[in-house]
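These notes concern the structure reproduced below.
Nothing in this text is a laboratory measurement; each read-out follows from the coordinates by a stated rule. None of these values were measured; they are calculated from a predicted model. Because the Cβ atoms are built from the backbone with ideal geometry, glycine has one as well, and the counts that use them run over all protein chains shown.
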Amino acid sequence: MSKFPATDAPDELVRFAEAQIAAGRFANMEQVVRAGVESLKERDEAEKVWVDYARDKWRSGKEASARDGAVEMDDAQFGAFLDESLTDAARQ
């Protein structure tokens with residue numbers, strides 16, 4: 001069994017990493033861990049891009065609503081609307 005860099009790594013994680021090495025995807029545990037860290041960085045960046053995009057859309061929607069005289073929701077109301085919409089979508 002290869003030495004895993006994290007001392008408290010669950011057995012399932014160690015087995016998965018070792019299987020990746022055995023399959024030839026990585027040469028050693030350090031490469032497996034590096035790939036995992038890089039993946040987390042990419043995910044964090046993608047989340048940041050999405051949040052920035054959503055925030056910009058929210059602001060432009062609020063501005064358009066104000067110009068058009070539409071009923072405006074405050075942030076709390078919109079958050080509740082999104083939560084309800086997501087809950088409804090998950091039920092379907």
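Calculate, in whole percent, how much of the Cα-Cα pair population of the chain lies beyond 18 Å. So the portion of pairs separated by more than 18 Å is 67 percent. Candidates Ala90, Ala80, Gly69 compared by Cα position along the dipole of the chain: farthest toward the positive end lies Ala90, with charges placed on Cβ. For Gln20 and Ala76, the difference between the fully extended length at 0.36 nm per residue and the C-alpha to C-alpha distance is 15.6 nm. The long axis of helix 29-68 is offset from the longest Cα principal axis of the chain by roughly 0 degrees.
Given a Förster distance of 22 Å, report the FRET efficiency between Ser39 and Glu12 from their Cβ-Cβ distance, rounded to the nearest 0.05.
Values: r = 18 Å, r/R0 = 0.80.
The formula returns an efficiency of 0.80 here.
Net charge dipole, the chain: roughly 360 debye, given to the nearest 20, about the Cα centre with Cβ charges of +1 for Lys and Arg and -1 for Asp and Glu.
Computed over the chain, the per-residue total of -39500 (n - 2.57) for DSSP H runs of n ≥ 4 gives a 222 nm mean residue ellipticity of -26500 deg cm²/dmol, rounded to 500. Take the Cα of Ser85, step 7 Å toward its Cβ, do the same at Asp52, and the gap between the two points is 2.3 nm.
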